[in-house]
1. Which ³J(HN,Hα) values, rounded to whole Hz and listed in residue order, are derived for segment 10-17 from phi using the Karplus coefficients 6.51, -1.76 and 1.60 in 6.51 cos²θ - 1.76 cosθ + 1.60 with θ = phi - 60°, glycine and proline given as x?
2. Below 12 angstrom from the Cβ of Val148, what's the summed charge of the other residues (Lys, Arg +1; Asp, Glu -1)?
3. What residues have an amide H closer than 5 Å to that of Gln83, excluding those fewer than 5 places away on the same chain, when H is modeled at 1.01 Å from N in the peptide plane?
4. Would you mind calculating the gained length between Glu183 and Glu118 on full extension (0.36 nm times residue separation, minus the Cα-Cα distance), in nm to one decimal?
5. What FRET efficiency, computed as 1/(1 + (r/R0)^6) with R0 = 41 Å and r the Cβ-Cβ distance, is obtained for Thr101 and Asp60, rounded to the nearest 0.05?
Amino acid sequence: MDINNEIIGLRNVWVCCGGVPVLEDVSLSVHQHDFLGIIGPNGGGKTTLLKVVLGLVKPDRGEVVVLGGEPVEQRKRIGYVPQHSLFDPDFPISVMDVVLTGRSGKSVFGRYTSHDRELAQGALAMVEMLPFKDRQIGRLSGGERQRVFIARALAAEPEVLLLDEPAAGVDMHIQTEFYELLERLKKEMAIVMISHDITAVSIYVDKIACLNRRLFYHNSKELTSWDIEATYQCPVELIAHGIPHRVLREH
Ligand SMILES: Nc1ncnc2c1ncn2[C@@H]1O[C@H](COP(=O)(O)OP(=O)(O)OP(=O)(O)O)[C@@H](O)[C@H]1O
Ligand SMILES: [Mg+2]
């Protein structure tokens, strides 16, 4: 694999919280046009891993390179949709304003240009939320709000997209459209998506990693039952709501 084409590189990364290891010796390489899915149990360290890539959590040991530089310095080039995007629902700001904040790292002197507005409108159209652009953010349903946060990340024209359970709470029709959108977007960037939806992950992503403090990753979509059992520490049949893991191989 070409190291020069590497978008995210983690080498032997350790993160401890209160003396307890959350990530143990994690190494991972994400390349341009990769669409990587990360699955794993609650508390397995998935969100922490994304925060390491964003430079929000500093590893105790190991090396992290993002787009050839330090994570903190590259943060503006990364689109991030956090898990359960926290937002005061009463905050008086419109959908369009929320999406425009995605441009704030790129705008000149903190003012939005017509180009920023065009990109924000385009991103809202991609998630089918353009008709809601003047609505106050708090007056949306949970799934609609999640789509707005996805648009916010896309408006930044990211070179890497980090998605922490982006489809949670989004209905099936929009989920399918959204995954198809990601398939198109990966032609221009690298995408890392955390999901508990193993079926969706198995259909849409190109590579899967399992994370439970340690990362189990083979640079492909093929998972062995050993990987899954080691990750979840329970029999394979239990983890996918009855969907046997061979589903992962058939797609
Ligand atoms: N700021 C923090 N201080 C202390 N412990 C933390 C902190 N953030 C996370 N942890 C712990 O680190 C572990 C990994 O958390 P993380 O949020 O990365 O898990 P996750 O895989 O994203 O889980 P989930 O599927 O529930 O979102 C958990 O045990 C959590 O309690
Ligand atoms: Mg999480």
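1. Along segment 10-17, the couplings run 10, 10, 6, 8, 10, 10, 10, 10 Hz.
2. Details: positive: Lys133, Arg135, Arg139, Arg145, Arg147, Arg152; negative: Asp97, Glu128, Glu144.
Net charge in that neighbourhood comes out at +3.
3. Asp164
4. Contour length minus the Cα-Cα distance gives 21.2 nm.
5. Given R0 = 41 Å and the Cβ-Cβ separation, E is 0.80.
Read the figures in this text as sums done on the coordinates, not as results from a lab. Keep in mind it's a predicted model, so treat the numbers as computed, not measured. All Cβ positions, even for glycine, are placed from backbone atoms using ideal geometry, and neighbour counts span all protein chains on display.
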